[in-house]
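*Asks:* Structure in structure tokens, see below.
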Amino acid sequence: MAASSVEVLASVLTTLESDGRIQRIEEIFSMHLGLSDILLGISLDFDDDMTSEEIEAAIHDLGETLRASQSSVARVFVRPVQLAKNKEPAGSDIGAGSAD
């Protein structure tokens, strides 16, 4: 099956980047399960000061928000990740300034 449209993924990225609880978006996967049935798999690095209960609530909120903003998004799976101290980041760094 094909990946989701650029417009849907851009909307998802905007939603994730605007959430202050997220420090880094590691990766976003998408899959069409039907004509208007998209599965999202998202790996996120949440703020280190958040408790497990706060992370669970954030994941629930994000799923609700993404499904409400994009009617084609049917399922959202979020995998919390922790950036290894000695590993170069692979995803979008939220709030990082320009290197210019």
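*Asks:* Take the residues in the range 1-22 that are more than 22 Å from Leu83 (Cα to Cα) and of a type outside the set (A, V, I, L, M, F, W, C), then tell me which one is surrounded by the most Cβ atoms within 10 Å (Cβ to Cβ).
*Replies:* Of the range 1-22, the ones more than 22 Å from Leu83 (Cα to Cα) are 1-11.
Keeping just the survivors that are of a type outside the set (A, V, I, L, M, F, W, C) gives 4-5, 7, 11.
Values: Ser4: 22, Ser5: 14, Glu7: 10, Ser11: 16.
So the residue we want is Ser4.
*Asks:* Could you check the range 5-19 and list, in sequence order, the residues that are over 12 Å from Leu40 (Cα atoms) and either touching a strand residue (DSSP E or B) at 6+ places or on another chain (Cβ under 6 Å) or in contact (Cβ under 8 Å) with a residue 12 or more places away in the chain (or both)?
*Replies:* If the condition is that a residue be over 12 Å from Leu40 (Cα atoms) and either touching a strand residue (DSSP E or B) at 6+ places or on another chain (Cβ under 6 Å) or in contact (Cβ under 8 Å) with a residue 12 or more places away in the chain (or both), then Ser11, Thr15, Leu16, Glu17, Asp19 are the ones that fit.
*Asks:* Now for a separate question. Can you name the number of the only condition in (1) surrounded by 15 or more Cβ atoms within 10 Å (Cβ to Cβ); (2) modelled with pLDDT of 95 or more that His60 fails?
*Replies:* For His60, the exception is condition (1).
*Asks:* Still on this model: Counting only residues that are polar (S, T, N, Q) and in a loop (DSSP other than H, G, I, E, B), how many does the range 38-87 have? Lay out the reasoning, then the answer.
*Replies:* Just the residues of the range 38-87 that are polar (S, T, N, Q), to begin with: 43, 51-52, 65, 69-72, 82, 86.
When the remaining residues are screened for being in a loop (DSSP other than H, G, I, E, B), the result is 51, 70-72, 82, 86.
So the count comes out to 6.
*Asks:* Then there is this: Could you grab me the full set of residues in the range 35-48 that are within 14 Å of Ser71 (Cα to Cα) and either crowded, with 19+ Cβ neighbours inside 10 Å or free of Cβ contacts under 8 Å to residues at least 24 places away in the same chain (or both)?
*Replies:* Once the filter is applied, which keeps residues that are within 14 Å of Ser71 (Cα to Cα) and either crowded, with 19+ Cβ neighbours inside 10 Å or free of Cβ contacts under 8 Å to residues at least 24 places away in the same chain (or both), the range 35-48 yields Leu35, Ile38, Leu40.
*Asks:* All but one of (1) more than 16 Å from Ser18 (Cβ to Cβ); (2) at pLDDT 90 or above hold for Asn86; which doesn't?
*Replies:* Condition not satisfied by Asn86: (2).
*Asks:* Looking only at the range 49-60, which residues are of a type outside the set (A, V, I, L, M) and free of Cβ contacts under 8 Å to residues at least 12 places away in the same chain? Working first, answer last.
*Replies:* First pass over the range 49-60, keeping only residues of a type outside the set (A, V, I, L, M): 49, 51-54, 56, 60.
Correct list: Asp49, Thr51, Ser52, Glu53, Glu56, His60.
*Asks:* Pick from the range 23-34 the residues that are of a type in the set (A, V, I, L, M, F, W, C) and more than 12 Å from Leu83 (Cβ to Cβ): which of them is surrounded by the fewest Cβ atoms within 10 Å (Cβ to Cβ)?
*Replies:* Applying the first criterion (of a type in the set (A, V, I, L, M, F, W, C)) to the range 23-34 yields 25, 28-29, 31, 33.
From the residues that got through so far, the ones that are more than 12 Å from Leu83 (Cβ to Cβ) too are 28-29, 31, 33.
Values: Ile28: 18, Phe29: 13, Met31: 14, Leu33: 11.
Ranking the candidates gives Leu33 first.
The values are calculated or read from the model by the stated rules, or taken from the named source; none is laboratory data. As the structure is a prediction and not an experimental result, all values here were calculated from the model. Virtual Cβ from ideal backbone geometry, glycine too; neighbours counted across all protein chains shown.
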